[in-house]
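Readers should treat all values here as calculations from the given coordinates under stated rules, not as data from a laboratory. Keep in mind the model is a prediction, meaning the values are calculated, not measured. Here Cβ is always computed from backbone atoms with ideal geometry, including for glycine, and neighbour counts include all displayed protein chains.
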């Protein structure tokens, strides 16, 4: 196998003896050569050496390990990470999580937000995350302080990670006093116009009795400011209560196609309670009108709070664009977990009771190629089906990927306990490494 681009190789960087992502352990190894000057893959050739052959000092020996596309956090709360030491949980429910987090938010400072934010972003990059959508809250408690810290972090990491900033109204907008409502409307309007903001969203289910107003306001705010949309939506599993998804689709249909904001819907657990006919109708509406709508399942958070989550593989099979996200890292909404998207995989294998090679491939896509498309960073507009794992590694494509050291197949990557060594390449340069040291005295 030998595919390449012309040009000088003096400054090229090569990952040698790597396995491309396939559903089985590939018997053949390849050398992936990157051109840092262009940021592209310059060639993919059959490895001429065995996995144990020492590479040149400037190269990286994958030693038979698999390489995958970069990971993505499609839904991550940047400002609410690492709060467990400040929150004394009692019952672990949603109402308590809202209350404890609100109390913690009242004590946020810029220094605190930046310190925790740097930790979260650095850990994410070291695990292989090169694209990240960060939800930052704007409300009458924190004002714009979380947003300002988020924008600062976005600028700081601009050369190593594509960070999107999503203005998020976790608190009610309309179901509150007129004074507080006006303050929320003013704050959100100001936030949406700030430089560095990519997206705006809310959680309509907390605006009891005003869900429609909430959705209409946020959709118009996004359209007016040229932003993407991201709703926390349908966070329940009750088939007898109305879904807010049709309302969002109706508003999108009222907007000219060329102005429709790319839309991401997080949680959406109620979809799993939809009758098959209702799912088919929803898919038909999205597909017929080419609506730029994607879903993010958040399995660890949802099962902790609700005991159930969106059945992502079934929803994919129904025809939806779906990916997986971590959501929170160590706060009352999700006490367990870390910044590694791959930490979701063994849990999802167990939850959805499948460890087949095709399921492993789908799960890995939902952390990488499907995830970046869900937040508008996929091929083209990000709205089409785009490339899967097998099509990702091609000459001329951006040379960004992750080496999973010691992992030789997608099934192993999905089923094995996460936390192994990784090397993270962005545009032909290593930007992150995670090393693990283990020793035993006998």
Anisotropy class of segment 307-442 from Cα gyration tensor, a/c 1.5 cut: oblate
Nearest-ten-degree value, helix 178-192 long axis tilted from longest Cα axis of the chain: 30 degrees
Three principal axis lengths of segment 204-279 [C-alpha, angstrom, descending]: 34, 27, 18
Separation between Cα centres of segment 152-229 and segment 339-377, rounded to whole Å: 28 Å
Stokes-Einstein D for segment 109-169, Kirkwood Rh over Cα pairs, 10 °C, 1.306 mPa s (µm²/s): 136 µm²/s
DSSP beta bridge pairing in segment 113-259, given as percent antiparallel to the nearest 5: 5 percent
Whether segment 324-371 is rounded, prolate or oblate, judged on the alpha carbon gyration tensor where a/c under 1.5 counts as rounded: oblate
Helix-only [θ]222 nm of the chain, DSSP H runs n ≥ 4, -39500 (n - 2.57) each, per residue, nearest 500: -9500 deg cm²/dmol
Compactness index (Cα Rg / 2.2 N^0.38 Å), segment 312-351: 1.33
Order of 34, 81 under a 10 Å beta carbon neighbour criterion, fewest first: 81, 34
Packing-based ranking, highest mean first, of 160-170, 183-193 given that Cβ atoms within 10 Å are counted: 160-170, 183-193
On Cα atoms only, tilt of 145-156 relative to the major axis of the chain in degrees: 20 degrees
Theoretical FRET efficiency, 1/(1+(r/R0)^6), r = Cβ-Cβ of residue 440 and residue 336, R0 22 Å, to 0.05: 0.20
Percentage, to the nearest whole number, of Cα pairs in segment 243-346 over 22 Å apart: 35 percent
Tensor-based shape of the chain (alpha-carbon gyration tensor, a/c under 1.5 rounded, otherwise prolate or oblate): prolate
Among 400-409, 211-220, 274-283, the order from most to least packed when residues are scored by Cβ within 10 Å on average: 400-409, 211-220, 274-283
Per-peptide average of other Cβ atoms within 10 Å, ordering 242-253, 286-297, 427-438, 123-134 highest first: 123-134, 286-297, 242-253, 427-438
For segment 71-374, share of DSSP beta bridges that run antiparallel, in % to the nearest 5: 5 percent
With Cα atoms, 0 to 90° folded angle of helix 357-367 axis to the chain main axis: 60 degrees
